[in-house]
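K.L.:
Below is a structure I'd like to ask you about.
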Number of protein chains: 2
Amino acid sequence: MTTGGAPTVETIAERAGVSIASVSRVLNGHGGRPDTVTRVERAAAELGYVPNAVARSLKGGRSMQLTFAMQDIGNPVYVSMVREIQAITKAHGYRLLLHSTDAVVEDELAVLRSLADRTSDGLVICPLRITPEHLEALRTAAQPVVVIGSLPEDAPVDSVRADSVTGAEKAVRHLVETGRRRIAFVNGPADTVPGHNRQRGYRRALADCGLGLDPSLVATTDFTIEAGVRAVHELLEADPSVDAVFCANDQLALGAAQALHTRGRRIPEDVAVVGMDDTSLARASWPLLTSVDLGSAERGRIAAEMLLARITERDSSSRAPVRSETVTPRLVVRASSGPVRRGAEEETR
Amino acid sequence: MTTGGAPTVETIAERAGVSIASVSRVLNGHGGRPDTVTRVERAAAELGYVPNAVARSLKGGRSMQLTFAMQDIGNPVYVSMVREIQAITKAHGYRLLLHSTDAVVEDELAVLRSLADRTSDGLVICPLRITPEHLEALRTAAQPVVVIGSLPEDAPVDSVRADSVTGAEKAVRHLVETGRRRIAFVNGPADTVPGHNRQRGYRRALADCGLGLDPSLVATTDFTIEAGVRAVHELLEADPSVDAVFCANDQLALGAAQALHTRGRRIPEDVAVVGMDDTSLARASWPLLTSVDLGSAERGRIAAEMLLARITERDSSSRAPVRSETVTPRLVVRASSGPVRRGAEEETR
DNA sequence: TTGAAAGCGCTAACAC
DNA sequence: GTGTTAGCGCTTTCAA
C-alpha cells in the first residue's frame with residue numbers, strides 16, 4: 001500500500017518493480033543483479049528513503065543504542081566521561097542515551113531494570129553508593145552493564161575504577177613534601193564510595209608521613225562549590241594555622257579557593273589548595289588548580305570499550321571472565337600548590 | 001512458544017491462562033474482570049515481565065525518545081540546557097538521546113536527516129551557524145524540530161532565541177555606568193550567530209553611550225578559556241589603558257580574569273570583567289563573575305515544551321502556527337564589576 | 001538471483 | 001469481558 005506516509009521497503013519495491021526482499025538485500029549490500037541494484041537504489045534515492053530503525057531493531061534484537069547513567073550532568077567529571085563515551089559509541093554506530101539519576105537509588109535501579117525493555121543494548125553506570133539492591137539488579141541485568149566505580153570483588157559485572165586512595169595519598173604527600181604541615185581535608189559525604197576512599201587515602205598519607213590525624217582539620221560536606229566555601233571558612237575560623245587544603249573534588253577546591261581569597265589568604269603562599277578529578281574547573285580556577293587526575297576520560301573510554309566487547313561477545317557464544325580495571329591516578333601540579341611558582345602550568349607523574 | 005528468552009505477552013498469557021489480548025489490556029490498564037487482572041498481574045510479576053519497548057514503538061509509531069543536539073557537552077551553557085530538557089522529557093515519559101556535533105555542518109545535517117529513521121519523536125538542536133542546507137533540512141525534517149538559536153523570519157520551525165544583542169548592551173551599559181571608559185570586547189568567531197549578535201550589542205551600546213568604537217579594543221577568537229587568556233594579554237600589551245573587558249561568554253571571561261591576575265591587574269579595581277551566559281563558571285571564578293544570563297536553562301525548558309506541544313499536536317490534526325520566542329537577558333552583577341564591592345553576590349534585573 | 005512468506009512483540013479492531 | 005487476528009516495517013529463510 002502506497003500511503004502518504006514515509007516510504008517503506010514496499011514503496012521502494014513497487015517503484016523499482018521488484019519484491020521487498022530484493023529491496024532489503026540491495027539496501028543491505030547482500031548482492032543482486034546489477035540491474036536490480038541500480039533500480040532499487042534509484043527508487044530509494046528518489047523517494048528519500050530512510051530505513052525504519054525501530055522495525056530493524058525489533059527484527060534484529062539490537063537497538064544500536066547504549067545508555068550512560070550518572071548522577072548529574074552538571075558535574076564536569078561526568079562531562080568528560082560523556083564526551084569520551086559519546087565519541088566511542090558514535091564511532092561504532094551506536095547512539096547514546098543519557099540518564100541523570102541524581103544519585104537516587106530508586107532511579108539507578110529503574111535504569112538497570114529498564115534494560116529489559118530492549119531500548120538499549122547496554123549500560124554504563126556510575127553509582128555513588130552500592131546497595132544490596134544494586135548488586136541484585138546488576139546480577140539480573142537484562143543487558144551488559146559496565147560500572148564506573150568500585151564494586152565488591154565477587155560482583156559479576158565489568159568495572160573500571162579510579163584508585164582514589166592512591167590519588168588522595170599522592171596529593172597529601174605532595175603537600176607534605178612542599179612543606180605543608182597543617183593539611184585540612186574537605187570531603188564529600190563519607191557514606192559514598194568516593195568519599196570513603198578519599199578519606200582513607202588522606203589518613204594513610206598522613207600516617208606514612210608521620211603526621212598525626214587531627215579530626216578538627218577534617219570537614220565532611222557535599223561535593224559542591226558552595227559547600228567548599230562554607231567548609232573552609234569554618235575550618236579557618238576554628239584553626240587559622242591551616243597551611244593547605246586538600247579537597248575531595250575540584251568543585252570543593254574552587255570553593256576553598258574562594259573562601260581563602262575572601263579571607264585574604266594568598267594561594268599558594270599562605271595556603272596551598274589541591275583538588276581531585278582534574279576537571280575543566282582546574283583550568284578555570286585562579287590560581288590554576290593542582291589536582292589529581294583520576295582518569296575520568298580514560299575511565300569513560302575503557303568503560304565504553306568493555307561494554308562494546310561484551311555486546312560483540314554476545315554473538316560469539318564465548319564468554320570472557322569478568323574484568324575489573326583500575327586507572328592509575330596522576331598528580332597534576334599547577335600554581336595552587338608548591339612552595340615556588342615556576343610558571344603557568346607544570347605537570348608531573 | 002515459551003523459549004528461554006525474555007518473557008513476552010505470550011509467556012504471560014500462557015501462565016495466566018488468558019489470551020495475549022487480555023494481557024495487553026490489563027498491562028495497559030484497559031480494564032478486565034478483577035479475576036483476570038489479578039492473574040495477569042501476578043504472572044507478569046512472577047516472571048519479571050518488562051514490555052518490549054521496541055515492539056511497542058513499532059506498533060505505536062512513537063519511540064518515546066527525544067534528541068538533543070548541541071556543539072559540545074563540555075560547554076557549561078549546554079550542560080544547563082541538557083539538564084533542563086532532560087528533566088522535562090523525563091517527566092513526560094521520554095528518554096533523551098544526546099548528540100555532539102562539534103559544530104560540524106555535516107553532523108548537524110545528519111542528525112536532522114536521521115529523524116526519518118523513527119528512532120526519535122523530535123529534536124532540539126542548537127546550530128551555531130545556519131546554512132541554506134540547514135534551512136532545507138529543517139523544512140523537510142521528518143519529525144518536529146525546535147531550534148535553540150536565531151532563525152530567519154520565514155523559517156518553518158519553532159525556535160527559542162536569546163536576545164544577545166540586548167544582553168551585550170546591558171553588559172556594556174553597566175560597565176559605562178560604573179565608570180568604565182576603555183571597554184575591550186573579547187568575542188568568539190564573528191561568523192557564528194552568537195558572535196555576530198554580541199558584536200552588534202557591543203557596538204550599539206557604545207554608540208548609545210556616546211563612546212566611540214575603537215577597533216583595537218576588539219578581539220575575535222574562539223569561545224574558550226585559553227583563547228580568552230591570550231586575547232587579553234594581547235589587548236593589554238597593545239593598550240594598557242583598558243579598564244574593562246566584556247567577554248562574549250563565561251569561558252572567555254574566565255580566561256580574561258586569569259590573564260589579568262597574571263599581569264597583576266586587580267579585578268574589579270583596575271579592570272572590570274563581564275561574561276555572558278551566566279553558567280556555573282561564573283560562580284566558580286574569582287572574583288565571582290558578573291555575567292549576562294541569556295536564559296540557557298529557560299531556553300532549554302521552552303524548547304522542550306515547544307517540542308512536546310508539537311508532538312501532542314500531531315495526534316490532534318490541528319496545527320498551530322510557527323512559534324518563535326525570545327528570552328529576555330538579565331544582567332547578574334557580581335564582584336568582578338562595579339566600582340564598589342558590596343558583598344559576595346548581588347543580583348539585579 | 002529472486003519472490004513468497006514467516007515472524008520479531010506488541011496493540012487494537014473486530015467478533016463473540 | 002475476552003479471544004482471534006491483522007499488521008507496524010523489516011530481515012531472512014526457503015523454494016523456485
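The values are calculated or read from the model by the stated rules, or taken from the named source; none is laboratory data. All of these numbers come straight from a predicted model, not from anything done at the bench. In this analysis, Cβ positions are derived from the backbone assuming ideal geometry, glycine residues included, and neighbour counts consider all displayed protein chains.
K.L.:
How many residues are in contact with a helix residue (DSSP H, G or I) (Cβ under 6 Å, 6 or more places away or on another chain), crowded, with 22+ Cβ neighbours inside 10 Å and more than 9 Å from chain B (Cβ to nearest Cβ) when one looks only at the range A:90-104?
P.N.:
0
K.L.:
OK, next. Only one of these conditions is not met by B:Arg42: (1) more than 30 Å from A:Arg314 (Cα to Cα); (2) of a type in the set (D, E, K, R); (3) within 13 Å of DNA strand C (Cβ to nearest atom). Which number is it?
P.N.:
The failed condition is (3).
K.L.:
In addition: Test A:Glu108 against the criterion of being crowded, with 22+ Cβ neighbours inside 10 Å and more than 9 Å from chain B (Cβ to nearest Cβ), and give yes or no.
P.N.:
Numbers: crowded, with 22+ Cβ neighbours inside 10 Å: yes; more than 9 Å from chain B (Cβ to nearest Cβ): yes.
Yes, satisfied.
K.L.:
Checking the condition within 8 Å of another protein chain (Cβ to nearest Cβ) and within 21 Å of A:Arg62 (Cβ to Cβ), which residue from B:Ser80, B:Ser57 passes?
P.N.:
Numbers: B:Ser80 fails: within 21 Å of A:Arg62 (Cβ to Cβ).
It is B:Ser57.
K.L.:
A follow-up question, please. Kindly indicate whether B:Ala303 is away from chain A (no Cβ under 14 Å) and of a type in the set (A, V, I, L, M, F, W, C).
P.N.:
On the way: away from chain A (no Cβ under 14 Å): yes; of a type in the set (A, V, I, L, M, F, W, C): yes.
In short, yes.
K.L.:
A follow-up question, please. Taking the conditions exactly as written (in contact with a helix residue (DSSP H, G or I) (Cβ under 8 Å, 6 or more places away or on another chain) and either among the acidic types (Asp, Glu) or part of a helix (DSSP H, G or I) (or both)), does B:Ile130 satisfy them or not? Before the answer, list the steps.
P.N.:
On the way: in contact with a helix residue (DSSP H, G or I) (Cβ under 8 Å, 6 or more places away or on another chain): yes; either among the acidic types (Asp, Glu) or part of a helix (DSSP H, G or I) (or both): no.
It is false that B:Ile130 is in contact with a helix residue (DSSP H, G or I) (Cβ under 8 Å, 6 or more places away or on another chain) and either among the acidic types (Asp, Glu) or part of a helix (DSSP H, G or I) (or both).
K.L.:
Filter the range B:1-13 for residues that are at pLDDT below 95, within 8 Å of DNA strand C (Cβ to nearest atom) and more than 14 Å from chain A (Cβ to nearest Cβ) and give the result.
P.N.:
B:Met1
K.L.:
Do we have any residue at all in the range A:208-216 that's under 25 Å from A:Ala162 (Cα atoms) and not acidic (Asp, Glu)? Please lay out each step first, then the result.
P.N.:
Looking only at the range A:208-216, we keep the residues that are under 25 Å from A:Ala162 (Cα atoms), and these are A:208-209, A:213.
Now narrow it down to the ones that are not acidic (Asp, Glu): A:209, A:213.
Within the range A:208-216, one or more residues are under 25 Å from A:Ala162 (Cα atoms) and not acidic (Asp, Glu).
K.L.:
Say whether the condition of being within 21 Å of A:Gly93 (Cβ to Cβ), without any contact (Cβ under 8 Å) to a residue 40 or more places away in the chain and of a type in the set (Ser, Thr, Tyr) is met by at least one residue in the range A:17-40. Explain how you work it out, then say what you get.
P.N.:
First, the residues of the range A:17-40 that are within 21 Å of A:Gly93 (Cβ to Cβ): A:24-30.
Pick out the ones that are also without any contact (Cβ under 8 Å) to a residue 40 or more places away in the chain and you get A:24-30.
Restricting the remaining residues to those that are of a type in the set (Ser, Thr, Tyr) gives A:24.
Within the range A:17-40, one or more residues are within 21 Å of A:Gly93 (Cβ to Cβ), without any contact (Cβ under 8 Å) to a residue 40 or more places away in the chain and of a type in the set (Ser, Thr, Tyr).
K.L.:
Please specify each residue of the range B:140-154 satisfying the condition of being over 18 Å from B:Tyr78 (Cβ atoms) and surrounded by 12 or more Cβ atoms within 10 Å (Cβ to Cβ).
P.N.:
Of all residues in the range B:140-154, those over 18 Å from B:Tyr78 (Cβ atoms) come to B:140-144, B:151-154.
Correct list: B:Thr140, B:Ala141, B:Ala142, B:Gln143, B:Pro144, B:Leu151.
K.L.:
Shifting gears a bit: For A:Ser114, are the conditions met, namely being within 28 Å of A:Ala297 (Cα to Cα), away from DNA strand D (no atom under 16 Å from the Cβ) and not in a strand (DSSP E or B)?
P.N.:
Details: within 28 Å of A:Ala297 (Cα to Cα): yes; away from DNA strand D (no atom under 16 Å from the Cβ): yes; not in a strand (DSSP E or B): yes.
When the stated conditions are applied, A:Ser114 passes them.
K.L.:
Test B:Ala162 against the stated conditions and say whether it is within 27 Å of B:Leu289 (Cα to Cα), away from DNA strand D (no atom under 16 Å from the Cβ) and among the hydrophobic types (A, V, I, L, M, F, W, C). Spell out the reasoning first.
P.N.:
Details: within 27 Å of B:Leu289 (Cα to Cα): yes; away from DNA strand D (no atom under 16 Å from the Cβ): yes; among the hydrophobic types (A, V, I, L, M, F, W, C): yes.
Here the answer is yes, as B:Ala162 does meet what is asked.
K.L.:
Within the range A:45-59, which residues are in a helix (DSSP H, G or I) and either more than 12 Å from DNA strand C (Cβ to nearest atom) or farther than 24 Å from B:Met64 by Cα (or both)? Quick ask: steps written out before the conclusion?
P.N.:
Residues of the range A:45-59 that are in a helix (DSSP H, G or I), as a first pass: A:45-47, A:53-59.
Residues satisfying the conditions are A:Ala45, A:Glu46, A:Leu47, A:Ala53.
K.L.:
Sort out which residues of the range B:189-227 are of a type in the set (Val, Ile, Thr) and either over 22 Å from the mean Cα position of the chain (by Cα) or under 26 Å from B:His134 (Cα atoms) (or both), and write them in order of number.
P.N.:
Just the residues of the range B:189-227 that are of a type in the set (Val, Ile, Thr), to begin with: B:192-193, B:218, B:220-221, B:224-225.
Listed by number, the residues that qualify are B:Thr192, B:Val193, B:Val218, B:Thr220, B:Thr221, B:Thr224.
K.L.:
Only residues that are within 16 Å of DNA strand D (Cβ to nearest atom), of a type in the set (A, V, I, L, M, F, W, C) and on the phi < 0 side of the Ramachandran plot: list them for the range A:52-109, please.
P.N.:
A:Ala53, A:Val54, A:Ala55, A:Leu58
K.L.:
Let me ask something else about it. For the subset of the range B:249-292 comprising residues that are assigned to a loop (DSSP other than H, G, I, E, B) and touching a residue at least 60 places away in the same chain (Cβ under 8 Å), which member is surrounded by the fewest Cβ atoms within 10 Å (Cβ to Cβ)?
P.N.:
First pass over the range B:249-292, keeping only residues assigned to a loop (DSSP other than H, G, I, E, B): B:249, B:263-271, B:277-279, B:284-289.
Filter once more, so that each one left must be touching a residue at least 60 places away in the same chain (Cβ under 8 Å): B:249, B:267-268, B:277, B:279.
Working: B:Asn249: 30, B:Ile267: 21, B:Pro268: 25, B:Asp277: 31, B:Thr279: 25.
So the residue we want is B:Ile267.
K.L.:
Would you please list the contacts, defined by Cβ atoms under 8 Å and residues six or more apart or on different chains, that run from a residue in the range A:94-119 that is under 24 Å from B:Ala55 (Cα atoms) to a residue that is of a type in the set (Lys, Arg)?
P.N.:
Here the result reads A:Leu96/A:Lys90; A:Leu97/B:Arg95; A:His99/B:Arg95; A:Thr119/B:Arg95, each pair linking the range A:94-119 to a residue that is of a type in the set (Lys, Arg).
K.L.:
Is it the case that some residue within the range B:159-173 is assigned to a helix (DSSP H, G or I), within 12 Å of another protein chain (Cβ to nearest Cβ) and at pLDDT below 95?
P.N.:
no
K.L.:
Within the range B:60-74, restricting attention to residues that are at the interface with chain A (Cβ under 9 Å from one of its Cβ atoms), away from DNA strand C (no atom under 16 Å from the Cβ) and not in a strand (DSSP E or B), which residue is nearest to B:Ser285 (Cα to Cα)?
P.N.:
B:Gly74
K.L.:
Of the residues B:Ser285, B:Ser280, B:Ser296, which is closer than 15 Å to B:Ala162 by Cα, within 14 Å of chain A (Cβ to nearest Cβ) and not basic (Lys, Arg)? Lay out the reasoning, then the answer.
P.N.:
Numbers: B:Ser285 fails: closer than 15 Å to B:Ala162 by Cα; B:Ser280 fails: closer than 15 Å to B:Ala162 by Cα.
Within the list B:Ser285, B:Ser280, B:Ser296, the selection yields B:Ser296.
K.L.:
Mind checking which residues of the range A:233-248 are in contact (Cβ under 8 Å) with a residue 40 or more places away in the chain and assigned to a helix (DSSP H, G or I)? First the steps, then the outcome.
P.N.:
Here is the first cut: in the range A:233-248, the residues in contact (Cβ under 8 Å) with a residue 40 or more places away in the chain are A:235, A:239, A:241-248.
Passing the criteria: only A:Leu235.
K.L.:
Inspect the range B:293-306 for any residue being surrounded by fewer than 17 Cβ atoms within 10 Å (Cβ to Cβ) and either among the basic types (Lys, Arg) or at pLDDT below 95 (or both) and give the result as yes or no.
P.N.:
No: zero hits.
K.L.:
Another question, then. Return the only residue of A:Ala219, A:Ala205 being part of a helix (DSSP H, G or I) and crowded, with 21+ Cβ neighbours inside 10 Å.
P.N.:
Numbers: A:Ala219 fails: part of a helix (DSSP H, G or I).
Answer to the selection: A:Ala205.
K.L.:
Answer yes or no: is there a residue in the range B:14-35 that is crowded, with 17+ Cβ neighbours inside 10 Å, assigned to a loop (DSSP other than H, G, I, E, B), more than 7 Å from DNA strand C (Cβ to nearest atom) and within 43 Å of the chain's Cα centre (by Cα).
P.N.:
No: zero hits.
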